[in-house]
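The values are calculated or read from the model by the stated rules, or taken from the named source; none is laboratory data. None of the values given here were measured: they were computed from a predicted structure. Don't worry about glycine lacking a Cβ; one is built from the backbone with ideal geometry, like all the others, and counts go over all protein chains shown. Just so you know, the surface numbers come from the protein's heavy atoms only, side chains and all, with ligands and any DNA or RNA stripped out. Shrake-Rupley method; radii C 1.70, N 1.55, O 1.52, S 1.80 Å.
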Amino acid sequence: YLEERGIALAIAKQHCKEIHFWLYGKRYFAIGYGNRCGGFELRNRFFKGCIPPKDFSSFRQGSSRCHLYEGFMDWLSALTLGIGTTEDSLVLNSVANVGKAVKHLDGYGRIDCFLDRDEAGRRTLETLKGDYGGRVCDRSALYDGCKDLNEYLQLTTKKEMDNNLKIKGQ
């Protein structure tokens, strides 16, 4: 599943776990990613959910800049692309968590937002700009033409694979 999403396995192994769970009497497993309150965001090909409590996730490296992501696949995509490896990161895990996350962004001189290119992402960006003004930078131009950073990674990975096949075939 992670390979399909273009995520580097070495990065995923650092930050994710395989979680086994029961749902409606059936056993499942998914990639799990922890949040700050001890809950887990869960993803597999067929399921997107969480083990409560639902909250945001943050990773501090002592930076004056914070990279803000809508979901953990986008954050893992950024790391795979080499983006945000030295900056602090905050993953909302849902735009509904922006209110909880706001006070944790107060100390940053700059907040680089890698939000989905949809209505919810735009509303979240405007909320953050209302709170932090010019400190908020929209970084979605990087993945213009894509819904989110993970879709951009998948297209980039596919292009690289196609180019490698062309080179080998010549």
Examine region 96-116 for a residue that is touching a Gly at 6+ places or on another chain (Cβ under 6 Å) and either in a helix (DSSP H, G or I) or open to solvent by less than 30 Å² (accessible area, probe 1.4 Å) (or both), and state whether such a residue exists. yes
Exception for residue 93 within (1) open to solvent by less than 50 Å² (accessible area, probe 1.4 Å); (2) touching a Leu at 6+ places or on another chain (Cβ under 9 Å) falls at (2)
Specify the residue that is surrounded by the most Cβ atoms within 10 Å (Cβ to Cβ); the eligible residues are those in region 121-157 that are among the β-branched types (Val, Ile, Thr) and in contact (Cβ under 8 Å) with a residue 60 or more places away in the chain. 157
So which strands (runs of 3 or more DSSP E) are wholly in region 22-89 and hold at least 1 residues that are surrounded by 22 or more Cβ atoms within 10 Å (Cβ to Cβ) and modelled with pLDDT of 95 or more? 26-34, 40-43, 57-59, 65-69
I'd like the full set of residues that are assigned to a loop (DSSP other than H, G, I, E, B) and of a type outside the set (Phe, Trp, Tyr), limited to region 1-21. 2, 3, 4, 5, 6, 7, 8, 16
Where a residue in region 92-110 is within 17 Å of residue 63 (Cα to Cα) and its partner, wherever it lies, is surrounded by 15 or more Cβ atoms within 10 Å (Cβ to Cβ) and basic (Lys, Arg), with Cβ under 9 Å and at least six apart: 104/36; 105/135; 108/65; 108/135; 109/65; 109/135; 110/65; 110/135
